[in-house]
Amino acid sequence: MKILIISSRLPRAKGKADSITVYRIIKHLSQRHDIYLACFYSGTSESQYIPELKNLCVEVKCIKHNFYAAATRMFKSLLFDSHMPLQVAFYNSAKMKIIIKEMLNRIKPDITYSHLIRMAEYIKNDNRVPKILAMQISQTLNYGRMIKNIGSTFHRILYSIEYNRVLRYEPEITNHYDSCLLISKHDKESLKNHESIQNIFFSPHGVDVDYYTKKSSPKQENAVLFCGVMETPTNVDAALFFYAEIFPRIKNHIPDIKLYFVGKNPPSVILKIADKDNSVIATGFVEDIRPYYEKIKVGIDPLRIGAGLQNKLLVGMSMGQPMVCTSIANEGIGATAGEHLLVADDPEDFARAVVCLLTDAKYASELSNSARRFVETNWTWESHFEDLESHLISVEKKIS
């Protein structure tokens, strides 16, 4: 098949979660299909990754995403368009429309794959070709949780506006696509009138179990690890929640405990905590996160805001690190609490679970081994992408 993939970010092996997912999809599908890619890239630092994509794809069309023009579009949408989600307006580029239209006319793909609702407008009304929209997560669910947990009044107002827009937009946009992909049933059930939406296909992603494998067993620090892109509101909220509500309770039992925040672009509020509290380490970007998983005793994912699937949790489990997470973090993965990881939502319960793993080496080892086996069995990239590939072929045949 000739597959046109439309992405808001440049697909990269070590980018943000959606960027990694599209990269892995391209890598898998390009073995048997002709891949054409239209995407944005953020600047010159990303342009170095374009040649690799050109080796995987028949054709790659990338345009630089102009942040100021995008912000202006989003602001205009805020003032004059009560329907369009702000994230859709942010990526609604006239230049990208021209590129995609030209590629559709010239290539005549057998099927198109648009990644995330922010890219849904580009071909929603073009019915010449079968269309897949990878919604991935329910933004309705995601922003609903943001409103409940974000402390900033300004951001709560902004997220409330976006929530009301995606609440209407997500069910409506499914009518324009032949199939829409979501990660889990929780995402579908959050959509308005979800019972009437019949074209949903569940398509989670996986983790690179070969790469995320414990290679050595160094002496482990008496420490806990939170790993992720530290600039995202969801991760910032989780980090601050853990530090304020849970970490002091752990310290009452284990005074010398350390807390690592590992991930790029930590905001000033986290950097200030690390400066003032010598038990907290904020690394910023690291080239290879695996050594941290190997040397630190317990991994955490105290997520309160989110939807879909939490890659950081899969990575920790794949690395064989005993993990403690919230039920929100685990809902898209479906690991069994007490067998593959520990789940706690209350701060006291979360702290107790972490202390248990820090002080009971035998149980921590059993949990980490079980977690690794769970990921190997259920969450490899290959198994989920084979299902996705079969679905793409079936949609193409059915519509054509």
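Mind listing whichever residues of region 208-229 are closer than 22 Å to residue 250 by Cβ and among the charged types (D, E, K, R)?
219, 221 - these are the residues of region 208-229 that are closer than 22 Å to residue 250 by Cβ and among the charged types (D, E, K, R).
Since residue 243 meets every condition but one in (1) closer than 20 Å to residue 298 by Cα; (2) touching a residue at least 40 places away in the same chain (Cβ under 8 Å), which condition does it not meet?
The single condition residue 243 does not satisfy is (2).
What do you reckon, is residue 53 among the aliphatic types (A, V, I, L, M), buried (at least 21 other Cβ atoms within 10 Å of the Cβ), touching a residue at least 12 places away in the same chain (Cβ under 8 Å) and at positive phi?
Considered against the rule, which asks whether it is among the aliphatic types (A, V, I, L, M), buried (at least 21 other Cβ atoms within 10 Å of the Cβ), touching a residue at least 12 places away in the same chain (Cβ under 8 Å) and at positive phi, residue 53 comes out as no.
In this structure, is residue 128 assigned to a helix (DSSP H, G or I) and modelled with pLDDT under 95?
It is false that residue 128 is assigned to a helix (DSSP H, G or I) and modelled with pLDDT under 95.
Within region 332-355, does at least one residue satisfy the condition of being more than 24 Å from residue 145 (Cβ to Cβ), surrounded by 23 or more Cβ atoms within 10 Å (Cβ to Cβ) and of a type outside the set (Phe, Trp, Tyr)?
Within region 332-355 (the criterion being more than 24 Å from residue 145 (Cβ to Cβ), surrounded by 23 or more Cβ atoms within 10 Å (Cβ to Cβ) and of a type outside the set (Phe, Trp, Tyr)), the answer is no, since none of the residues qualifies.
Conditions first: (1) touching a Lys or Arg at 6+ places or on another chain (Cβ under 9 Å); (2) surrounded by fewer than 17 Cβ atoms within 10 Å (Cβ to Cβ). Residue 38 passes all but one, so which condition is the exception?
Unmet for residue 38, out of (1) touching a Lys or Arg at 6+ places or on another chain (Cβ under 9 Å); (2) surrounded by fewer than 17 Cβ atoms within 10 Å (Cβ to Cβ): (2).
For region 202-243, which residues satisfy the criterion of being of a type in the set (Gly, Ala, Ser), in a loop (DSSP other than H, G, I, E, B) and open to solvent by less than 30 Å² (accessible area, probe 1.4 Å)?
Once the filter is applied, which keeps residues that are of a type in the set (Gly, Ala, Ser), in a loop (DSSP other than H, G, I, E, B) and open to solvent by less than 30 Å² (accessible area, probe 1.4 Å), region 202-243 yields 203, 206, 228.
Out of (1) surrounded by 16 or more Cβ atoms within 10 Å (Cβ to Cβ); (2) of a type in the set (Gly, Ala, Ser); (3) over 21 Å from residue 313 (Cβ atoms), what's the single condition that is false for residue 190?
Every condition holds for residue 190 apart from (3).
Restricting the first residue to region 272-285 and requiring it to be open to solvent by 40 Å² or more (accessible area, probe 1.4 Å), which pairs with a second residue that is of a type in the set (Val, Ile, Thr) meet a Cβ separation below 6 Å and a spacing of at least six or different chains?
283/262
Give me the pairs: first residue in region 190-216 and touching a residue at least 12 places away in the same chain (Cβ under 8 Å) and basic (Lys, Arg), second residue outside any loop (DSSP other than H, G, I, E, B) and open to solvent by 30 Å² or more (accessible area, probe 1.4 Å), beta-carbon distance under 7 Å, and six or more apart or on different chains, which are they?
Short answer, once both residue conditions are applied: 192/167.
Looking only at residues in region 86-100 that are free of Cβ contacts under 8 Å to residues at least 60 places away in the same chain and in a helix (DSSP H, G or I), which one is surrounded by the fewest Cβ atoms within 10 Å (Cβ to Cβ)?
If we take residues in region 86-100 being free of Cβ contacts under 8 Å to residues at least 60 places away in the same chain and in a helix (DSSP H, G or I), then 94 is surrounded by the fewest Cβ atoms within 10 Å (Cβ to Cβ).
The values are calculated or read from the model by the stated rules, or taken from the named source; none is laboratory data. In this text, all values refer to a predicted model and were calculated from it rather than measured experimentally. Because the Cβ atoms are built from the backbone with ideal geometry, glycine has one as well, and the counts that use them run over all protein chains shown. For accessibility, only protein heavy atoms count, side chains too; no ligands or nucleic acids. Shrake-Rupley method; radii C 1.70, N 1.55, O 1.52, S 1.80 Å.
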